[in-house]
Structure formats: structure tokens, C-alpha cells
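K.L.:
Sharing a structure, written as C-alpha cells. Questions coming.
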Amino acid sequence: TSSSGAAEPQRAEEGPSPDAIIAEGMCDDGTTRYTTRQNGIVTYTYANGTTTDVYPDGRQVAYTSGLTTTTYSDGTVHYLYANGATVEIRPDGSKYVNGDLETQS
């Protein structure tokens, strides 16, 4: 209780942040750095500046200049371009451009 008589808020015990780094180092190739976080995400940073996040569910998200590529464990690949355009290719070969199914002619 403070001197004004008002109760002070209690702070909950906080554990490590889900984004907290629990390990980092160099991969065997000597050029790729890795960072492992509390939430299970491993980030690889390559010599060319590209980064890839690998999630516990198997999803991989690669960030390059102007392009984000997400590969899902079912084989679906989603491309997000800097201009907002999207392309998604599904395991059955179907291709969606900006959400619309592209048909072969």
C-alpha cells in the first residue's frame, strides 16, 4: 500500500519472453548464423543478408529483398511481393494469383 492509501498493482511473475534468444551461433558451413528462440523459432541468416525463419509446425518463411516466401509443411508455397501482389502454388499444382485461381489455357 502506498502512502496515499491506494493499493499498488501487483506484478505477476514473468517468465522468459517467447522471443527470448536461447541459443545462437554459426552453422557448420561457416557463413550461416542461427538464432533459436524460446518459442521454438529458429532464424537462419545467410551471408547475402537473406533470412529464413523455421517454425515448430514446419513452416519456413524466407525474407529477401522485395519478397517473402512461405513454405508450408503440406508443400504449399506462398509468395508475397513488396508491391502487395501474391502468388500461391499448391501441392496439386494449382496456382492462385492475388487470390484468384489461374487457369491453364
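The values are calculated or read from the model by the stated rules, or taken from the named source; none is laboratory data. The shown structure was predicted, so the numbers you read here are calculated from the model rather than taken from an experiment. With ideal geometry, Cβ positions are generated from the backbone for all residues, glycine too; neighbour counts draw on all protein chains shown. What goes into the accessible areas is simple: the full protein's heavy atoms, side chains included, and nothing from ligands, DNA or RNA. Shrake-Rupley method; radii C 1.70, N 1.55, O 1.52, S 1.80 Å.
K.L.:
As an exercise: evaluate Ser94 against (1) of a type in the set (Gly, Ala, Ser); (2) within 30 Å of Pro16 (Cβ to Cβ); (3) surrounded by 13 or more Cβ atoms within 10 Å (Cβ to Cβ) and give the number of the one condition it does not meet.
P.N.:
It fails just one condition, (2).
K.L.:
Give me a count of the residues in the range 30-55 that are in a loop (DSSP other than H, G, I, E, B), open to solvent by 70 Å² or more (accessible area, probe 1.4 Å) and either in contact with a Ser or Thr (Cβ under 6 Å, 6 or more places away or on another chain) or aliphatic (A, V, I, L, M) (or both).
P.N.:
Residues meeting the conditions: 2.
K.L.:
Another question, if that's okay. Among the candidates Thr50, Thr68, Thr43, Thr32, which residue alone is under 23 Å from Ser17 (Cβ atoms) and of a type in the set (S, T, N, Q)?
P.N.:
Within the list Thr50, Thr68, Thr43, Thr32, the selection yields Thr43.
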